[in-house]
Amino acid sequence: MKSVKRFEIIIERLHARDVTDALERAGVTGYSLLRDVTGTGDRGDRAGDELTDVFRNCCVIVAVPVEAADEVVESIRPLLKAYGGVCLVSDALWVNH
Amino acid sequence: MKSVKRFEIIIERLHARDVTDALERAGVTGYSLLRDVTGTGDRGDRAGDELTDVFRNCCVIVAVPVEAADEVVESIRPLLKAYGGVCLVSDALWVNH
Amino acid sequence: MKSVKRFEIIIERLHARDVTDALERAGVTGYSLLRDVTGTGDRGDRAGDELTDVFRNCCVIVAVPVEAADEVVESIRPLLKAYGGVCLVSDALWVNH
Amino acid sequence: MDLSLVIDNLLNAPVLFFLLGAAAAWVKSDLEIPSPIPKLLSLYLLLSIGFRGGVELAHGGLSAGVLTMLGVCVAMALLVPLWSFFIVRLRLDAANAAAIAATYGSVSAVTFVTAVNFLRQSNVPFGGHMVAAMALMESPAIVVGIVLARMNDRDTTGPSYLPWGKVFHEAFLNGAVVLLLGSLVIGAITANKDAKSLAAFVDHPFKGVLCLFLLDMGLVAARRMGDLRRSGLFLGLFAVTAPMAHALMGIGLAKLIGAGAGDALLLAVLCGSASYTSQSPLRCD
Amino acid sequence: MDLSLVIDNLLNAPVLFFLLGAAAAWVKSDLEIPSPIPKLLSLYLLLSIGFRGGVELAHGGLSAGVLTMLGVCVAMALLVPLWSFFIVRLRLDAANAAAIAATYGSVSAVTFVTAVNFLRQSNVPFGGHMVAAMALMESPAIVVGIVLARMNDRDTTGPSYLPWGKVFHEAFLNGAVVLLLGSLVIGAITANKDAKSLAAFVDHPFKGVLCLFLLDMGLVAARRMGDLRRSGLFLGLFAVTAPMAHALMGIGLAKLIGAGAGDALLLAVLCGSASYTSQSPLRCD
Amino acid sequence: MDLSLVIDNLLNAPVLFFLLGAAAAWVKSDLEIPSPIPKLLSLYLLLSIGFRGGVELAHGGLSAGVLTMLGVCVAMALLVPLWSFFIVRLRLDAANAAAIAATYGSVSAVTFVTAVNFLRQSNVPFGGHMVAAMALMESPAIVVGIVLARMNDRDTTGPSYLPWGKVFHEAFLNGAVVLLLGSLVIGAITANKDAKSLAAFVDHPFKGVLCLFLLDMGLVAARRMGDLRRSGLFLGLFAVTAPMAHALMGIGLAKLIGAGAGDALLLAVLCGSASYTSQSPLRCD
Ligand SMILES: Nc1ncnc2c1ncn2[C@@H]1O[C@H](COP(=O)(O)O)[C@@H](O)[C@H]1O
Ligand SMILES: Nc1ncnc2c1ncn2[C@@H]1O[C@H](COP(=O)(O)O)[C@@H](O)[C@H]1O
Ligand SMILES: Nc1ncnc2c1ncn2[C@@H]1O[C@H](COP(=O)(O)O)[C@@H](O)[C@H]1O
Ligand code: NA
Ligand code: NA
Ligand code: NA
């Protein structure tokens, strides 16, 4: 098992692709995406009441090598600044296979 | 980045609102909700076989300041006692924006 | 609150039952399942474009006592080897009830 | 009764799709109808049955017979959990006995919908008020179950100690009841105007949607057969005999109040069927 | 206008299902239409209305009157956010004012669909080009909103500083616009060949799907009433008067260009209605 | 062949919706049909096509010609992966070659369904047994693929070393096969009784649902075009020529056994089309 940093990024679904693009630019090759997340934050409830899903959230989960963590943080931060959302970072072990 | 406690509360969907109400009473202003969680626990499988979703689970994810963690635990505990479910607490860093 | 190890296993949905079977063999009695996870990894994008859900992922979340963690790792590893996927392990506290 | 009629009945598409689902689950096929599709199907079925019930009610009107029938239904929803409780209590603790009692008192919408489809197909008429009866029977059983659990439980922090407001809320305002009664009222109001233009949505695909829904029910039911086995002989016996006994009572009562054949069958189904839903506010750890 | 006609209009099934949804949310029933079912319903409604609009367009053809109407619609989509911005700016900061302006400039597909259903039911004809008009009005409002926000915002890292490419992308290529216009074109191309064989999908269940969709809209709208209250008197007043003023302008313009009654109503709805969608690229923290 | 017929064929609604989806993905619109809606659509299409195939089978009966056709289909499902394996093996390792071989041996339900829709629209008759043929061709290809992979793989812990029980399980009991065959059997059993009352669900909306499904297929296909480019010239050439060669063989065999035009087209589609599904138990790390 090797040490990794686990990122959990909750952001509007509309911006999911921005997040994964930013991750790819930061050299991340694997990530997972939960598409159906709702929530409450500084900017009110999710909506989803019109004909697009603009206000729904998603959650991107990424495990990256410890040494890559800072770069990932920096690639995500501008997105959070622009669009709101949450990014949590924690320690985890990756089961090798 | 600031230290936070990350809560993950898995409970029957029916009680999702009880959880978020309890969180709001404990002063939490942001949380995320995954609505489609199934599982097995002490009280058997989820069902979802009748015309309501009574037996489906949901998962509430909340990051709170370290000093608020105890109050959140205490606000959730009675719900777990009454309805079953699981609450995990772990350390995380919150990416400022 | 007692210390536990939190597992997060992301694998193709097709193999969800293999994972839960392996967990049950390792003595785990409770787990949660998120069924709708997509992602990118070593083996390309998820698809979901034919008439079965072969390429969709799922995510199994399990909290186990610290002393049971090694056995769970060993029960999951062969599945990751055979089918790909990711298993992250982290520390968490379980709120007693 | 004619055996060939029974077989003929079993050989109709909705029942066969139920069996297909059960067979698929039994051979552990990965066939599944993922959430929330079953929910969409059930919303459709409730809306459809409610709306058509309302239209029929508007045409039939509220007679003394209708009110008697509704009274009988509510009475059965109150009484069935009562005696079920005292029988099950012989073996189980109060909380679980109350939960099971509420289950048998309440109604299974799936079974009701399937019975309605059977009547339509056999051209046996039935009253729109039977749909109202179904909606009315859901709630009392839950309330009786909770009262029984409380009277027999000393732990005032457990789930049976929900505040009464919450109990009534869950009993009377759960989504299925609201949608069913709401569609019934809307059907009754717009019977002359919208019934025709909505028929292509509300009537025509009904049987097909039921097939798909019963396919899912088959999958679910077969997966839960294990639970039944685990529940032991006593509960197993109760699970088999109680619905039959209740259904027979239903038929008896229908005769007594002079209801038609269609209404009698539906009353039997309402009395005999049981629903998981009502357990929820009562389940114990 | 005849009051009984208004009541009669309110008493049709789609409106009643909206009220049912609102009532259910109001009594905090757990009735819900889980995601992504509303999305399926809205995809269906857009496809259906686009396809039928295309078929009608193919039969009616592009006349000068049609082009005038489309020009008027686009002009309104550009002007409404402009004056809305300057009014709302009296009380709010630029970014929020721009977001609100874009909202009122754009159109509410739900309202449009409901109005179309009303016209069909009342047998009032309208042109297929009105569907094209709806699709054309979504994008300009967003662009105007963003231009306004940029002209008044100095923080070049905020959300209003999306690259222009992305702005136009979101304005012109959002899924609803693409599906609506695409279905319109497909309807126009295949009008003679497929319109009949697709009717069972595209026409017949339309009203029923609308009922289910409006049930969900009712649930959502009632849950958001709180937001309205929180937004204060000024915005509340604006939210009530602006749509009416815009709708009246729409009717006036329709008279001016000599449009028929059906087209006039739809123009009023397009001008008056507002959509959340267009806020998104503009919202501030 | 007449060119205008080809164009006419391309200009029908299902194909145009596929192109709309592809165009939307190509311009990176956010149009999407979120999971599990495509699953609902595909469940519907399988159920519908299975049920109607069963009804037609009940009316047509099992003749020698039908059995010959089924035999030819199964033979092709066994042979196509065999030669595909030896060709692809020239460039790829055994595991990947086996996966690709299984892919080309199996059938694409989407293509089949689209072809069926085309035949119905052109009023060309075809036999219900072709639906059974599709169901029968899915499994052999998977089994052959796995056998080939095992014979050429020494790592006995890799994915090709699934226990045989699991292999057969995945090959013969996957959800699509079970639903298709199940609906076929149900259709055959209830042909006289339920075919009419289910038509409003099973027949009428078929083409419309296919449009929506192909819209999604278009979105998915366009997103995956990149994968095709990445796969290199050799595989690209194989991907273009193999389906054509297999389809031509299918037409030849159909002539040989004297099948009608409709059945011949469907056999060509079954032989030519390829499915991702069958790769799954074989994929390597
Ligand atoms: N403290 C929190 N814990 C977990 N999720 C949060 C928290 N705050 C916000 N979120 C999620 O992030 C989304 C955007 O947050 P915001 O930008 O603050 O409106 C919300 O809709 C929630 O889903
Ligand atoms: N050890 C565990 N790890 C993860 N989730 C669990 C665990 N135990 C229970 N759960 C989840 O919590 C729900 C309720 O658990 P219980 O109250 O024990 O039946 C289950 O349906 C699971 O979704
Ligand atoms: N670094 C990662 N972080 C999070 N999820 C991942 C990561 N790598 C792979 N995954 C997930 O695991 C699945 C299978 O990965 P793989 O076997 O590498 O193709 C992917 O589809 C992703 O959902
Ligand atoms: Na009952
Ligand atoms: Na407007
Ligand atoms: Na093939």
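Just a few scattered comments:
- Search result, residues across the stretch D:165-186 that are within 17 Å of the chain's Cα centre (by Cα) and either farther than 19 Å from D:Gly50 by Cβ or aliphatic (A, V, I, L, M) (or both): D:Glu170, D:Ala171, D:Leu173, D:Ala176, D:Val177, D:Val178, D:Leu179, D:Leu180, D:Leu181, D:Leu184
- Of all residues making up the stretch A:29-79, the number that are at pLDDT below 90 and of a type outside the set (Val, Ile, Thr): 18
- E:Val116 being at negative phi and within 12 Å of the chain's Cα centre (by Cα): yes
- Residue count for the stretch F:18-57, restricted to those that are in contact with a Gly (Cβ under 7 Å, 6 or more places away or on another chain) and within 27 Å of F:Lys193 (Cβ to Cβ): 8
- The stretch B:1-41, subset touching a residue at least 24 places away in the same chain (Cβ under 8 Å) and among the polar types (S, T, N, Q), residue farthest from ligand 4 (Cβ to nearest atom): B:Ser3
- Restricting attention to the stretch B:17-32 and to residues that are more than 10 Å from every other protein chain (Cβ to nearest Cβ) and assigned to a helix (DSSP H, G or I), the residue that is farthest from ligand 3 (Cβ to nearest atom) turns out to be B:Arg25.
- Every residue from the stretch E:1-18 that is surrounded by fewer than 19 Cβ atoms within 10 Å (Cβ to Cβ) and either farther than 27 Å from E:Leu119 by Cα or of a type in the set (Gly, Ala, Ser) (or both): E:Ser4
- Among the residues of the stretch D:108-131, not a single one is within 16 Å of ligand 2 (Cβ to nearest atom) and either within 22 Å of D:Phe213 (Cα to Cα) or among the small types (Gly, Ala, Ser) (or both).
Every residue, every condition in (1) modelled with pLDDT of 80 or more; (2) crowded, with 22+ Cβ neighbours inside 10 Å; (3) over 13 Å from E:Leu270 (Cβ atoms), yes or no:
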{"site": "E:Ala94", "(1), (2), (3)": "yes, no, yes"}
{"site": "E:Thr111", "(1), (2), (3)": "yes, no, no"}
{"site": "E:Ala115", "(1), (2), (3)": "yes, no, no"}
{"site": "E:Gly182", "(1), (2), (3)": "yes, yes, yes"}
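- Where helices (runs of 4 or more DSSP H) fall wholly inside the stretch D:165-243, the ranges with 2 or more residues that are within 14 Å of chain E (Cβ to nearest Cβ), farther than 30 Å from E:Arg120 by Cβ and touching a Ser or Thr at 6+ places or on another chain (Cβ under 8 Å) are D:175-189.
- Restricting attention to the stretch E:19-39, the residues that are surrounded by fewer than 24 Cβ atoms within 10 Å (Cβ to Cβ) and in a helix (DSSP H, G or I) add up to 9.
- Search result, residues across the stretch A:74-97 that are facing chain B (nearest Cβ under 7 Å), in a helix (DSSP H, G or I) and under 29 Å from C:Gly84 (Cβ atoms): A:Ile76
- Total residues in the stretch E:179-209, condition more than 20 Å from F:Val209 (Cβ to Cβ) and out of contact with any Gly (no Cβ under 8 Å at 6 or more places or on another chain): 1
- Checklist (1) over 22 Å from the mean Cα position of the chain (by Cα); (2) at the interface with chain F (Cβ under 10 Å from one of its Cβ atoms) applied to D:Ala64, failing item: (2)
- Residue pairs whose Cβ atoms lie under 6 Å apart, separated by 6 or more positions or on different chains, with the first residue in the stretch D:191-217 and closer than 11 Å to E:Ala13 by Cβ and in contact (Cβ under 8 Å) with a residue 40 or more places away in the chain and the second among the charged types (D, E, K, R) and in a helix (DSSP H, G or I), are D:Leu198/E:Lys207.
The values are calculated or read from the model by the stated rules, or taken from the named source; none is laboratory data. Bear in mind that the values here come from a model prediction, so they are computed numbers and not experimental data. With ideal geometry, Cβ positions are generated from the backbone for all residues, glycine too; neighbour counts draw on all protein chains shown.
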